[in-house]
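For reference, the structure discussed in these notes is given below.
The values are calculated or read from the model by the stated rules, or taken from the named source; none is laboratory data. Just so you know, these numbers come straight off a predicted model, no measurement behind them. Using ideal geometry, Cβ is built from the backbone for each residue, glycine included, and neighbour counts are taken over all protein chains shown.
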Amino acid sequence: MTFKRCSTCKNLFELDSFSRNKRTYDGLQTVYKECNKFWYKKLLESRSKLGLCRCGKPHRDSKKSCFDCAKEARARALQSKYGISLDALTSMLKAQDWRCGICQHQLETRLGGMAVDHNHSTGKVRGLLCLQCNTGIGNFGESKETLLRAISYLEIE
């Protein structure tokens, strides 16, 4: 087994205790993973006390991140979950006239005020829905047959 010295605490640790870094001569970080976590946590705590985001910009009102970081996080989530960009989401909103694709109520544009509806089998995005309609589709198991039976049931007087 091979060991490496942490540049922060100066202790020896096994190589798998260091994160990868292709820019260094051995392909590993110079700081032990736990030391890195400790100092990064300290950095975030000090920035938080000053009212600063991870990037060093001031927080939004009562939030833990600045507007730019929140927007970037939303963009990363959209891309990884649904394969769409923030621009594509905006285009979808405009195409739907800023309304839910089912009930036609005005969609709340704040983060988390709407749902990106997608087919769970294929992952293909169908459109944007309000949270109630998206939950309703989910509760019916995305089944057309079940929804048609629900419609028939509602027509009973």
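Things worth noting here:
- Whenever a residue of the stretch 1-26 is farther than 18 Å from W39 by Cα, its partners that are of a type in the set (F, W, Y) and surrounded by 11 or more Cβ atoms within 10 Å (Cβ to Cβ), lying with C-beta atoms within less than 9 angstrom and at least six residues away or across chains, give the pairs F3/F13; K4/F13; K4/F18; K4/Y32; D26/F18.
- Annotation note: of A77, A95, the sole residue that is within 22 Å of V116 (Cβ to Cβ) and not assigned by TED's automatic domain parsing to the domain that holds L129 is A77.
- Residue within the stretch 39-61 that is of a type in the set (F, W, Y) and more than 30 Å from M114 (Cβ to Cβ) present: yes
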